[in-house]
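Asks: Submitted below is the structure of interest, expressed as C-alpha cells.
The values are calculated or read from the model by the stated rules, or taken from the named source; none is laboratory data. Owing to the predicted nature of the structure, the values given are computational and were not obtained by experimental measurement. All Cβ positions, glycine included, derive from the backbone under ideal geometry; neighbour counts span all protein chains shown.
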Amino acid sequence: MKKGKVYLTGAGPGDEKLITVRGLETIIQADVLVYDRLAGEGLLRHASKDCELIYVGKVSRNHTKTQDEINQMICEKACQGKIVTRLKGGDPYVFGRGGEEGEYLADRGIEFEVVPGITSAIGGLAYGGIPITHRDHASSFHVITGHLKDEEEELDWDVLSRLKGTLVFLMGMGQLEQIALKLIEKGMDKKTPVAIVNWASTPMQKSVRGELDNIYFKAKEKNIGSPGIIVVGDVVKLKDKLNFFESKPLFGKRILVTRAREQSSLLSQKIKSLGGQSLEFPVIKIRETKAIAELKDRIPNIEDYGWLVFTSQNGVKIFFKYLFEAGYDSRKLGGVKVAVIGKATGQELEKYNIKPDLIPESFVAESLAHALYERVRPEEKILIARAENARDFLAKELSKLCTVEDLRIYEAVKEETNDKREDIIKKLAANEIDYVTFTSSSTVKNLIEILGDEKYLLEKTKLVSIGPITSRTIAENGLAVWREAKTFDTDGVIEAIAATQGGNR
Ligand code: SAH
C-alpha cells in the first residue's frame, strides 16, 4: 500500500497569494485537506477534484473538533496511505498548536513535513504598514500569546513591560484591555504607541492606531475585533508612512460583480489586486444559440471572408472552439482580417496567436462601423460572430458597404442557480455592498429579476455602468447610474470606482 504522509503547511497571513510555492504544491498533491478559519478559503480551489476537504475551524473557544479529534483523524487518513495536508493560517509552528500535531505524528511513526508560512505576526503587520523591526525603533521583537486565560501563569508581565523590542500579541483581542492595563501597571509608558491589524492582508482588513491607554476604546469605536494582531512599540509610528496596502485605490471597497461566472474571475482579480473586495454574484450565463450550426457550416470556407468581426471575448472563445473542433488551427485565418471591439476582446484573440487588424478607439459599434468603412472593399464579405441581443446597427451599417453575415452565436441568459441571493440581499440591506458593477444590459435586467421585490435595495448602493447602452438599461429600470466607465470595458469600470477618494469605512 502507498505510504501516507502529512504536510503541516502554513497558509500565510491571509491573502491566499501569500502562501509559499511549496505550500501550494502540498495543496495540489493532497488527498485530504484539513483546514481552519484563518487558512484562506480561496486556496481550497487548488485542491484536486477528488480531494476530501475537512473543516476543523475554531471560532473563538467554540471548537468544532477537539485537538485530539483532529490529531486522530489526520493519523487515520495518513495510515490509509493518503497524503494529508494540514493547512494552518500563518506559520504552522507559531501558536495554532502545530508543534503538538507534529509530536503526535512523530510518536506514531507517521512521516511528516513542515512547510513554513509567513506568520501574521510579521507579514500581517507589514500589511498594516508596520515593520516589525527598524534600526531607529526596535532591534528585537517578541511574539506573545494573548490568550491569557490558559497561560497567565507563563507570562511574566514584569519582564514584558520592560522589553525594548516590538511586542506582538496574537490571539489577544478578547483581552485587549487587560493586556494594555497590565503593561501600564508594570511600568510601561502609557503613551507607548499601539496598533491593531484586523483581518490583515485580506480585503476585510481594518486597522487602528493609538496608545496603550486608549487603544481599547479606539478599537471598540472602529468595531475592530478578532482576528487581530496587537503590536506595541515605536515601530507603530511608521504606520501611516508605510501603509502601502490600505492606500491602494480600491481598499475597503466592497464590489458586487454580476457578470457570468466564466468571466468574473478576471474582474475579481483586478479588484483584489487594487485592494478591493469582490463579491461574485453571476446573474447571467452564456449559452450558445442555434446559429452555431451556421457557424460550423461557414468555418471550412472561412477564408472566403475578408473580415471577421468580434465584439466580445465570448464570441472569440466560441468561434475558436468550433474552429479547433473542425480540425483546424489559427492558420486557417491566415488571409482573413479580424476586427474587434474592446481591449479585452483583442487580448482574447491574441491568446490564439492572432493580432487584431482593427480595434477602434472607442469600444462601441458606431466606432467600429466608422473604422471599417475606410478599410473594407465592396467585394469583401464580413462575418460577425456575436451575441443574440446585440443591436442591429453594426450589421445594418456594414451591409451598405458589402455582404454581411451576422451570426448571433450566443446569448446571455439568466443564471438560475442563485444560492447566494439571500446573502446578497442581506448585505445590500446592511449597506455592506458599496458598488454594484454592470458590464452589460443583461446583467442589469437579470439582477433586477433575481432580486424581485427587493429590487429597491439597489437604491442604497452605487451602480457603476460599463457604457452608455448599459446605463440606458439601468435608467429604464428606474435606477440611477452613479458613474459610467470612460473606456467601455472592465478596466473602465474599475477606474470609475478607483477615481473616488478614500475608503468607505
Ligand atoms: N499560526 C498563525 C497564528 C495562529 S494563532 C500565524 O503564524 O499567524 C491565531 C491568531 O493569529 C489570531 O488570534 C490573530 O491574533 C492572529 N492572526 C492570524 N491571521 C490573522 C490575520 N489575517 N489578521 C489578524 N490577525 C491574524
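Asks: Looking at region 207-242 only, could you name the residues that are crowded, with 18+ Cβ neighbours inside 10 Å, within 16 Å of the ligand (Cβ to nearest atom) and assigned to a loop (DSSP other than H, G, I, E, B)?
Replies: Residues satisfying the conditions are Ile224, Pro227, Lys239.
Asks: Scan region 333-358 residue by residue and report those that are buried (at least 18 other Cβ atoms within 10 Å of the Cβ), charged (D, E, K, R) and either under 19 Å from Glu405 (Cβ atoms) or in contact with a Ser or Thr (Cβ under 6 Å, 6 or more places away or on another chain) (or both).
Replies: If the condition is that a residue be buried (at least 18 other Cβ atoms within 10 Å of the Cβ), charged (D, E, K, R) and either under 19 Å from Glu405 (Cβ atoms) or in contact with a Ser or Thr (Cβ under 6 Å, 6 or more places away or on another chain) (or both), then Lys337 is the only one that fits.
Asks: Can I ask one more? Within region 464-499, count every residue that is outside any helix (DSSP H, G or I), in contact with a helix residue (DSSP H, G or I) (Cβ under 6 Å, 6 or more places away or on another chain) and surrounded by fewer than 23 Cβ atoms within 10 Å (Cβ to Cβ).
Replies: Initial filter on region 464-499 (outside any helix (DSSP H, G or I)): 464-467, 477-489, 499.
Applying the additional criterion that residues be in contact with a helix residue (DSSP H, G or I) (Cβ under 6 Å, 6 or more places away or on another chain) yields 464-466, 477, 479, 481, 483-486, 489.
From what is left, the residues that are surrounded by fewer than 23 Cβ atoms within 10 Å (Cβ to Cβ) are 477, 479, 481, 483-484, 486, 489.
Looking only at that region, the number is 7.
Asks: Of all residues being in contact with a strand residue (DSSP E or B) (Cβ under 6 Å, 6 or more places away or on another chain) and within 25 Å of Ile469 (Cα to Cα) in region 353-367, which is modelled with the highest pLDDT? Just the residue, please.
Replies: Only one residue fits best here, namely Pro356.
Asks: Continuing with the same structure: Yes or no: region 364-387 includes at least one residue that is under 30 Å from Leu451 (Cα atoms) and charged (D, E, K, R). Quick ask: steps written out before the conclusion?
Replies: From region 364-387, those under 30 Å from Leu451 (Cα atoms) are 364, 386-387; that's our starting set.
Narrowing the set further to residues that are charged (D, E, K, R) leaves 386.
Within region 364-387 (the criterion being under 30 Å from Leu451 (Cα atoms) and charged (D, E, K, R)), the answer is yes, since at least one residue qualifies.
Asks: Output the number of residues of region 107-145 satisfying the condition of being more than 27 Å from Leu160 (Cβ to Cβ) and near the ligand (Cβ under 9 Å from one of its atoms).
Replies: Residues of region 107-145 more than 27 Å from Leu160 (Cβ to Cβ): 107-115.
Applying the additional criterion that residues be near the ligand (Cβ under 9 Å from one of its atoms) yields none.
Selection size over region 107-145: 0.
Asks: Confirm whether Leu160 is farther than 30 Å from Lys253 by Cβ and either touching a residue at least 40 places away in the same chain (Cβ under 8 Å) or in the same structural domain as Gln277 (by TED's automatic domain parsing) (or both).
Replies: Details: farther than 30 Å from Lys253 by Cβ: yes; either touching a residue at least 40 places away in the same chain (Cβ under 8 Å) or in the same structural domain as Gln277 (by TED's automatic domain parsing) (or both): no.
Here the answer is no, as Leu160 does not meet what is asked.
Asks: Kindly indicate whether Ser264 is of a type in the set (Gly, Ala, Ser), part of a helix (DSSP H, G or I) and crowded, with 18+ Cβ neighbours inside 10 Å.
Replies: Working: of a type in the set (Gly, Ala, Ser): yes; part of a helix (DSSP H, G or I): yes; crowded, with 18+ Cβ neighbours inside 10 Å: yes.
For Ser264, the condition - of a type in the set (Gly, Ala, Ser), part of a helix (DSSP H, G or I) and crowded, with 18+ Cβ neighbours inside 10 Å - is met.
Results for (1) under 30 Å from Lys381 (Cβ atoms); (2) in contact with a Leu (Cβ under 9 Å, 6 or more places away or on another chain); (3) assigned by TED's automatic domain parsing to the domain that holds Lys272; (4) not basic (Lys, Arg), shown as yes or no for each residue.
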position	(1), (2), (3), (4)
Asp406	yes, yes, no, yes
Lys420	no, yes, yes, no
Glu449	no, no, yes, yes
Leu463	no, yes, yes, yes
Gly478	no, no, yes, yes
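Asks: Return yes or no: is Tyr104 crowded, with 18+ Cβ neighbours inside 10 Å and within 12 Å of the ligand (Cβ to nearest atom)? Walk me through how you get there before you give the answer.
Replies: Working: crowded, with 18+ Cβ neighbours inside 10 Å: yes; within 12 Å of the ligand (Cβ to nearest atom): no.
So Tyr104 fails the test.
Asks: Being under 28 Å from Ser367 (Cα atoms) and in contact with a Leu (Cβ under 6 Å, 6 or more places away or on another chain) is the filter here; which residues of region 432-447 pass it?
Replies: Selection gives Val436 alone.
Asks: Right, next: Can you confirm whether region 471-491 contains a residue that is within 20 Å of the chain's Cα centre (by Cα) and without any contact (Cβ under 8 Å) to a residue 12 or more places away in the chain? Even if it seems obvious, please write down each step before you answer.
Replies: Residues of region 471-491 that are within 20 Å of the chain's Cα centre (by Cα), as a first pass: 489-491.
Subsequent filtering for residues that are without any contact (Cβ under 8 Å) to a residue 12 or more places away in the chain retains none.
There is no residue in region 471-491 that is within 20 Å of the chain's Cα centre (by Cα) and without any contact (Cβ under 8 Å) to a residue 12 or more places away in the chain.
Asks: Can you work out which of the residues in region 372-389 that are out of contact with any Asp or Glu (no Cβ under 8 Å at 6 or more places or on another chain) and under 20 Å from Ala344 (Cβ atoms) is modelled with the highest pLDDT?
Replies: Ala385
Asks: I want to confirm something. Restricting to region 409-437 and keeping residues that are over 18 Å from the mean Cα position of the chain (by Cα), among the hydrophobic types (A, V, I, L, M, F, W, C) and in a strand (DSSP E or B), which single residue is farthest from Ile450 (Cα to Cα)?
Replies: Looking only at region 409-437, we keep the residues that are over 18 Å from the mean Cα position of the chain (by Cα), and these are 409-419, 421-422, 425-426, 428-431.
Right, trim to among the hydrophobic types (A, V, I, L, M, F, W, C) and you get 409, 412-413, 425, 428-430.
Next cut, in a strand (DSSP E or B) only: 409, 412-413.
On the way: Ile409: 25, Ala412: 14, Val413: 12 Å.
So the residue we want is Ile409.
Asks: Name the residues in region 174-201 that are touching a helix residue (DSSP H, G or I) at 6+ places or on another chain (Cβ under 8 Å), in a helix (DSSP H, G or I) and within 16 Å of the ligand (Cβ to nearest atom), would you?
Replies: Listed by number, the residues that qualify are Gln175, Leu176, Glu177, Gln178, Ile179, Ala180.
Asks: Pairs needed: first member in region 274-291, within 22 Å of Ile450 (Cβ to Cβ); second member anywhere, β-branched (Val, Ile, Thr) and in a loop (DSSP other than H, G, I, E, B); C-beta distance under 8 Å; at least 6 residues apart or different chains.
Replies: Leu279/Ile433; Phe281/Thr258; Pro282/Thr258; Val283/Thr258; Ile284/Thr258
Asks: Please pick out the residue among Thr461, Thr403, Thr417 that is surrounded by fewer than 16 Cβ atoms within 10 Å (Cβ to Cβ) and in contact with a strand residue (DSSP E or B) (Cβ under 6 Å, 6 or more places away or on another chain).
Replies: Working: Thr461 fails: surrounded by fewer than 16 Cβ atoms within 10 Å (Cβ to Cβ); Thr417 fails: in contact with a strand residue (DSSP E or B) (Cβ under 6 Å, 6 or more places away or on another chain).
From the options Thr461, Thr403, Thr417, the qualifying one is Thr403.
Asks: Of (1) within 16 Å of the ligand (Cβ to nearest atom); (2) out of contact with any strand residue (DSSP E or B) (no Cβ under 8 Å at 6 or more places or on another chain); (3) touching a residue at least 24 places away in the same chain (Cβ under 8 Å), Gly99 satisfies all except one. Which?
Replies: Of (1) within 16 Å of the ligand (Cβ to nearest atom); (2) out of contact with any strand residue (DSSP E or B) (no Cβ under 8 Å at 6 or more places or on another chain); (3) touching a residue at least 24 places away in the same chain (Cβ under 8 Å), only one is false for Gly99: (3).
Asks: Sticking with this one: Evaluate region 287-309: report whether one residue or more is surrounded by fewer than 17 Cβ atoms within 10 Å (Cβ to Cβ), more than 30 Å from Pro378 (Cα to Cα) and in contact with a strand residue (DSSP E or B) (Cβ under 9 Å, 6 or more places away or on another chain).
Replies: Within region 287-309, one or more residues are surrounded by fewer than 17 Cβ atoms within 10 Å (Cβ to Cβ), more than 30 Å from Pro378 (Cα to Cα) and in contact with a strand residue (DSSP E or B) (Cβ under 9 Å, 6 or more places away or on another chain).
Asks: Quick check: anything in region 70-78 within 16 Å of the ligand (Cβ to nearest atom) and out of contact with any Cys (no Cβ under 8 Å at 6 or more places or on another chain)?
Replies: Quick first cut of region 70-78, residues within 16 Å of the ligand (Cβ to nearest atom) only: 70.
Of the ones still in play, those that are also out of contact with any Cys (no Cβ under 8 Å at 6 or more places or on another chain) are 70.
Looking for residues that are within 16 Å of the ligand (Cβ to nearest atom) and out of contact with any Cys (no Cβ under 8 Å at 6 or more places or on another chain), one finds at least one in region 70-78, hence yes.
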